[in-house]
Every structure is written in structure tokens, then in C-alpha cells.
Amino acid sequence: MITIAIAGKPNSGKSTFFKAFTLADVEIAAYPFTTIAPNVGVAYVRVNCLCKEKELELAGVCGNCIDGFRFLPVEVLDVAGLVRGAHEGKGLGNEFLDELRQAEAIINVVDASGATDADGNVVELGAHDPREDVIFFKEELNMWVYGIITRGWHKMGRRVELEGTKIERLLAEQLAGVGVTEEQIKGAILKSGIPDKSNMKSWTEDDLKKLATHIVLRSKRMIIAANKADIAPDENLKKLKELESEGSDNEIVIPCSAAAELALRTASKNNIIQYLSGDTDFVIASEVTDRQRKGLEQIKNLIRAHGGTGVQEIINRVVFELLDYVVVYPVEDEHKYSDSAGRVLPDAYLLKAGSTARDLAFAVHSDIGDSFLYAIDARTKRRLGEKYALQNNDIIKVVYSSR
Ligand SMILES: Nc1nc2c(ncn2[C@@H]2O[C@H](COP(=O)(O)OP(=O)(O)OP(=O)(O)O)[C@@H](O)[C@H]2O)c(=O)[nH]1
Ligand SMILES: [Mg+2]
């Protein structure tokens, strides 16, 4: 499963964001370092189910979606807050960053309201510039990786001399705790513009810092959640949004209100409203007190103005934009789009763009991957080879030998 980490400075709303998805019983409080041990849970990306596609003539048959939407699971991780100077041991230090090892992407939850300082202490609304948090968070990640590289530098140097092992191989080993591939390291070395790549002794401190930055950029894709948009001054949201056009990091900044999403999900679970994560409106479905109605109306205005609470949009854009996944529907009957029991569009898989028909076979079952013969595009009934690169919303039958 895809793993996404929710990280950022203390008190920015990470656990609220996490809870809005998982409805897990996690601690939320208005002071720093509420979370110490990481919370692990399941969030869902929301996609339009194919059963609503007119051409397929399936309307009403699929029993695997809610009102035409499918929710596909991804793993999310809520970690302790990271403060400036964590790499020197400030706050809880950055040891816990090792928890980010499996994370393919990071949602950097920023308190856009400016009501918490760099360390997460409560200050007056708007008093803190949230752009600083974005810069420092990245800097801490870079310094975390830089620290790991420098700790192993001498040993790596000796092994290059004695064993002739490639530096990217050694760095990948050294950075095993970060979750970086050799390929990503190769790309990062190239991008860092180190003058004499083959002579490790010539690499300066500055070279290693640049290298760390490029390793982080490649291995931990990041999106910025401008949280607490419900109370954030417009000025702050605007400033954060401007990060998208400044600099060269191709930043994605999305305003959100984790608190609003949590309120709506909770109300929906208790049948007070009809609401699906990602909706831009909701219906009040039961008797509510005046106070509840007032609270719900406020959230209604917010999500109408912003096109949702932003929380679902963030998860979706992480998966489809940052990480480039596609949704593929495997079927056994290419005429009925069903499995052998007649269940229409029984499954939907998230696969990395560029995955092949054989990769899909392996995702369904390793035995099916091993005995793959060919695949059929159920839409066109055309035969596909094992190297066929899957497209978003493909419906695929895998044909395999049943020895
Ligand atoms: N207004 C508003 N408040 C929020 C929002 N999200 C979180 N909060 C509040 O911010 C405070 C911190 O929330 P947490 O979810 O505990 O923050 P955290 O980032 O997990 O904090 P640590 O675990 O201490 O690092 C709580 O008082 C939340 O109610 C939001 O979208 N809007
Ligand atoms: Mg927390």
C-alpha cells in the first residue's frame, strides 16, 4: 500500500488531519508535542467509479461504490512535531523521522492561521508567518539526511578505496533508514553538480548539503496543507499560495480545515448529516440543536467558498499528482466487466503510472503474475502484451496458464 506521512511543526493540526480520515481515537490538544509515538491508519482516495460511465452501460449494477464514488485505501502516518533545530536535538529531536522511512510522500501540515509560533506555542492570530514553517521543515529534513551521510562518510570512503564499491550503492545502504533508492541517489548526485564525482575526498561540506537536499526532493515528495483555513487571515493563505509560483520546487499548496473535515465526518458517522469526504456541500439529515445547526452552517459556508474542506483534495492530489498513480480495474469476464461470481467491477487497484499488465497480474496475485500469458482490454476487447503500460481507468482481464 502507498504510505503517506503527515508531518510538520508541533500543534499545526497533524493529528486532527489524521483523525479526520481515520476517525481513530487519537489525542488532539492545543499545545505542542501532544503526539509522541506515531499513529498509523488508513485514509482513502476518492475516485469516480466507472459504473457511472455511460458507454459501459452498467448504471446501477455495481455494488462496490458509494453514490458513484470509490474510496481506495492508502496508509497514513501521523508523527510527532518537528521543530527548528531538531537535527541538533531540539524538541523531540529528529530520531522519529526514521518513521518516515516507508513514506513515499509527506503532507506538511502548516498552521496557516499564524496562531502558533515556530515551536508550536500559541500566539495571537496572524502573529506568525507560516511561510517560515515551510522553509524550516524542509531544512530539517535536509539536515536529517545530511547528518546520516556525514556520519558514514569516512567508512564509505574506505570502502570505495578498498572494495571499489560504487558510492551510490554505499549511500543507499547508509540511507536505508530514509527509504531512498540507488536510482534516486544517482539522480541526486548528478543534480548536485559535484565537480569531481569520482574523487570522494574532494567533496565539500557544501556538496554534501546539496546532495542531501536533492535526495530529499527525490525520495520524499511533499505537499503543503495550509491548515486552519477556517480561521486563517486571507493574507496568510495568499502568502502560502504564492509559494507555488516562487522558487523552483514545484510546490503544491492547498488550503484546508482539518477541524471542519473532522466535524463533518463525525456528524456523518452519527447520521446527523449526509456527507462524503470530498463533497462541497452536505444535507442535515436529522434533528439538531440550534448550536449544532449554527456550527454546521458555518462549516457549510466555508466548504462552499473553498470547494470542500481541502482534506480529501490533498490526499487525492498526493496520490495522483505528486506520486502519479493510476486506477485500474481487473476483471475475469471482459464482456460483463465482472469476476467469475458475476460481481461487476469487483476491485480497483492503485498502481504507479507506467506499471504494466504483468504488474497488475502480480498485484492481484503472485501466482497469476508468474503464469501471465496476456491481457485483454475489456473496453476494446483488444489483446495486450505483458509490457502494456496501464492507463487510468483501464478495465483489464488477465489471461494466465492454469497449470
Ligand atoms: N481552527 C482550527 N483549529 C484546528 C484545525 N486543525 C487543528 N486545530 C486545532 O489545533 C490544535 C492542535 O491540533 P493537533 O491535531 O493536536 O495538532 P498536532 O500537529 O498533531 O500537534 P502535536 O502532536 O502536538 O505536534 C488543536 O487545538 C486543534 O483543535 C483547523 O483546521 N482549524
Ligand atoms: Mg499530534
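The values are calculated or read from the model by the stated rules, or taken from the named source; none is laboratory data. Values in this document were obtained by computation on a predicted structure and should not be read as measured data. Ideal geometry is used to build each Cβ from the backbone, glycine not excepted, and the neighbour counts take in all protein chains shown.
Search the stretch 1-38 for residues being within 6 Å of ligand 1 (Cβ to nearest atom) and part of a helix (DSSP H, G or I), and hand back the single one that is nearest to the chain's Cα centre (by Cα). Looking at residues that are within 6 Å of ligand 1 (Cβ to nearest atom) and part of a helix (DSSP H, G or I), I get 14. Looking across the stretch 102-135, the residues that are within 16 Å of ligand 2 (Cβ to nearest atom), modelled with pLDDT of 95 or more and surrounded by fewer than 19 Cβ atoms within 10 Å (Cβ to Cβ) come down to 121, 122. Restricting the search to strands (runs of 3 or more DSSP E) fully inside the stretch 293-403 and requiring at least 3 residues that are under 23 Å from residue 278 (Cα atoms) gives 325-331, 349-352. When 269, 300, 210, 228 are checked against the criterion of being within 16 Å of ligand 2 (Cβ to nearest atom) and not polar (S, T, N, Q), a single residue qualifies: 228. Among the residues making up the stretch 354-375, those that are touching an Asp or Glu at 6+ places or on another chain (Cβ under 7 Å) and either crowded, with 19+ Cβ neighbours inside 10 Å or on the phi > 0 side of the Ramachandran plot (or both) are 357, 358, 372. Checking each residue of the stretch 57-67 against the condition of being buried (at least 17 other Cβ atoms within 10 Å of the Cβ), within 16 Å of ligand 2 (Cβ to nearest atom) and more than 16 Å from the chain's Cα centre (by Cα) gives no match. Against the test of being within 22 Å of residue 112 (Cβ to Cβ) and either aliphatic (A, V, I, L, M) or touching a residue at least 24 places away in the same chain (Cβ under 8 Å) (or both), the options 284, 272, 254 yield a single qualifying residue, 254.
Residues considered: 254, 284. Of these, the only one that is assigned by TED's automatic domain parsing to the domain that holds residue 134, over 30 Å from residue 137 (Cα atoms) and in contact with a strand residue (DSSP E or B) (Cβ under 7 Å, 6 or more places away or on another chain) is 284. Taking residues in the stretch 10-24 that are surrounded by fewer than 24 Cβ atoms within 10 Å (Cβ to Cβ), and partners anywhere that are aromatic (Phe, Trp, Tyr), the pairs with Cβ atoms closer than 6 Å and at least 6 places apart or on different chains are 10/33.
Name the residues in the stretch 25-43 that are in contact with a Pro (Cβ under 6 Å, 6 or more places away or on another chain) and surrounded by 16 or more Cβ atoms within 10 Å (Cβ to Cβ), would you? Show your work before the answer.
So the first thing to find is which residues in the stretch 25-43 are in contact with a Pro (Cβ under 6 Å, 6 or more places away or on another chain), and the list is 32-33, 42.
The one that is in contact with a Pro (Cβ under 6 Å, 6 or more places away or on another chain) and surrounded by 16 or more Cβ atoms within 10 Å (Cβ to Cβ): 32.
For the stretch 229-236, the condition holds for at least one residue, the condition being that it is crowded, with 21+ Cβ neighbours inside 10 Å, small (Gly, Ala, Ser) and either modelled with pLDDT of 95 or more or more than 22 Å from the chain's Cα centre (by Cα) (or both).
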